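Note sheet for the following structure.
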Amino acid sequence: MKSNDPEQIRVLLVEDDLEALKSLLRAVRQNEKEYEVETAATPEAAIEALSKASPHVVVLDLSLNAKEGVESGFRVLSEVLKRDHTTRVIVVTGHADLENGIRAVNAGASSFVAKPPNLDHLMALIRDAATQARIRREYMRVLASEHKALERLVVGISKRAHALRESIVAASRTLQPVLIRGETGTGKNLCAEAIHKLSTRAGSKFVRYQTTFASADLTSSDLFGHTKGAFTGADTDRAGLIQNAAGGTLFLDEVQALPVETQVALLGVLQDQRVRPVGGNAEYKVDFRLISATNADVREQLEDGTLRPDFYHRISGFEIDIPALRDRIEDVPVIAELVMEQFQVKYASPPMELSVEARDVLLGHQWPGNIRELQAVIESAAWSIMAAKRAVIEPQDIRFKQLPTGVTEVGAISAAVEQIPGETLEEKVANVTSQIVQQAVNAAGGNLTRAAQALGTSRWTVHRALGDRKPRK
């Protein structure tokens, strides 16, 4: 082979009969002048040609010497496929030797023809094989580049990490809504971003919405927008996040928190690709891709009515489960290295590394907080060694946050929730929200606009939070 140009179709003809070999060479060069063609008359010459450059197509006579018979051809076939499984092999068998032809196809050859081959038929097979090989190689090239980019987002060497990257690539090539499931801290947001960046919508916006247990009106306004005067505080028309995501991707985090009424409305938007702002009469055509995420048990959510079955089926055309960090523990050192690298870039710190003992400590932890916990632990250790003017993270630099003795994580959360005024979860959320907003308004001297700026939200949101406050129980 003379060239390594990936666009140049390369054909290797392997035939021990020199007259037959010349005839094949002449036919290929006359019919496909752009093909690069090389010949080999022995198994050894064929294998040597393979080592120089990988051909797109190999036309292989099975019987290359009298001593080995057809096994000589099968030896070359095995070597071809071992070196590059995208290469297409057309086997030439003895007349009426159907059994060996079938054996060759079962071993990985793309097709077989009997001797002497009809040259027009053989050329058709070569052209088809060349096209298939080029398609396969382009796919593998794209897949390799995608995985290279993905490895910076979905870090890991484990089989689970590899499977997750494969799922992300597959999801990026569809237009289906995607549902990502996984525990808190496993990287669902990064997974959603990766799908968007690898998709045909990568050039448009990626809009993230963190759903909360707010009222259906507020959530609907956030997603669908509202018209001026739709409710108190709606001083102007406002486009919703769905319209902002036009041509791109809308990511709904903690989708199980969407009010049932909003689920119904969003289901209609997904079905009709049209949205009507709150308080409006006109509908607008929308084009967006929906990716949702949940850390909840979907089956339980469906059983208790939190998640509507029809809504779930619509948003879960493609499902991805992200494994907990404890289930891919071998990835911990790799992720830790990336966190250290990011820390060095962000804070212009000197190079740092993990000692063997520190790595063993990390591998022995169960990581209930998943990747988010690992990131916090490594960053804390990095600050510790910077203060001590050391370059190596040792076991004493690694500190895990522990819950109070005898209190489980769920128990701690439940105890905290009990301290919030309100009987229902919606009342508790409304009370907490109103308290935060009221504190900001007080600090701003009663000025709602300044309070909204301080909170990073809009004036109407502040107004609604105060106006919709539930009485404390």
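Summary of computed values
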{"read-out": "All positions within the stretch 230-259 that are at pLDDT 90 or above and among the β-branched types (Val, Ile, Thr)", "value": "242, 249, 255"}
{"read-out": "For residue 361: the one exception among (1) within 28 Å of the chain's Cα centre (by Cα); (2) crowded, with 18+ Cβ neighbours inside 10 Å", "value": "(1)"}
{"read-out": "Members of the stretch 279-322 found to be open to solvent by less than 20 Å² (accessible area, probe 1.4 Å) and not in a strand (DSSP E or B), listed by number", "value": "280, 286, 288, 298, 307, 311, 315, 316, 322"}
{"read-out": "Test: residue in the stretch 200-213 that is open to solvent by less than 20 Å² (accessible area, probe 1.4 Å), in contact with a Ser or Thr (Cβ under 8 Å, 6 or more places away or on another chain), modelled with pLDDT under 90 and not aliphatic (A, V, I, L, M)", "value": "yes"}
{"read-out": "Residue tally, condition modelled with pLDDT under 75, within 27 Å of residue 220 (Cβ to Cβ) and hydrophobic (A, V, I, L, M, F, W, C), over the stretch 413-462", "value": "7"}
{"read-out": "Any chance residue 52 is without any contact (Cβ under 8 Å) to a residue 12 or more places away in the chain and out of contact with any helix residue (DSSP H, G or I) (no Cβ under 8 Å at 6 or more places or on another chain)", "value": "no"}
{"read-out": "Verdict on residue 349 being open to solvent by 10 Å² or more (accessible area, probe 1.4 Å) and part of a loop (DSSP other than H, G, I, E, B)", "value": "yes"}
{"read-out": "Odd one out for residue 471 among (1) in a loop (DSSP other than H, G, I, E, B); (2) farther than 20 Å from residue 184 by Cβ; (3) at pLDDT 80 or above", "value": "(3)"}
{"read-out": "Condition check for residue 276: among the charged types (D, E, K, R), surrounded by 16 or more Cβ atoms within 10 Å (Cβ to Cβ) and over 24 Å from the mean Cα position of the chain (by Cα)", "value": "yes"}
{"read-out": "Failed item in (1) hydrophobic (A, V, I, L, M, F, W, C); (2) surrounded by 15 or more Cβ atoms within 10 Å (Cβ to Cβ); (3) in contact with a strand residue (DSSP E or B) (Cβ under 9 Å, 6 or more places away or on another chain), with residue 98 passing the rest", "value": "(2)"}
{"read-out": "Residue under evaluation residue 262, criteria (1) open to solvent by 20 Å² or more (accessible area, probe 1.4 Å); (2) within 15 Å of residue 220 (Cα to Cα); (3) in contact with a helix residue (DSSP H, G or I) (Cβ under 6 Å, 6 or more places away or on another chain); (4) not aliphatic (A, V, I, L, M), criterion not met", "value": "(1)"}
{"read-out": "Inter-residue pairs, beta-carbon under 6 Å, first closer than 16 Å to residue 376 by Cα and basic (Lys, Arg) and in the stretch 342-355, second modelled with pLDDT under 90 and not in a helix (DSSP H, G or I), 6+ apart", "value": "none"}
{"read-out": "Residue 79 within 19 Å of residue 107 (Cβ to Cβ), at pLDDT 85 or above and charged (D, E, K, R)", "value": "yes"}
{"read-out": "Within the stretch 164-192, considering residues that are in a helix (DSSP H, G or I) and open to solvent by 50 Å² or more (accessible area, probe 1.4 Å), the one farthest from residue 372 (Cα to Cα)", "value": "166"}
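A quick yes/no check of all residues on (1) β-branched (Val, Ile, Thr); (2) under 36 Å from the mean Cα position of the chain (by Cα):
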{"position": "430", "(1), (2)": "no, yes"}
{"position": "435", "(1), (2)": "no, no"}
{"position": "444", "(1), (2)": "no, no"}
{"position": "450", "(1), (2)": "no, no"}
{"position": "457", "(1), (2)": "yes, yes"}
{"position": "461", "(1), (2)": "yes, yes"}
{"position": "466", "(1), (2)": "no, no"}
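The values are calculated or read from the model by the stated rules, or taken from the named source; none is laboratory data. Values in this document were obtained by computation on a predicted structure and should not be read as measured data. Neighbour counts run over all protein chains shown; Cβ positions are idealised from the backbone, glycine included. With ligands, DNA and RNA removed, areas are computed over all heavy atoms of the protein, side chains included. Shrake-Rupley method; radii C 1.70, N 1.55, O 1.52, S 1.80 Å.
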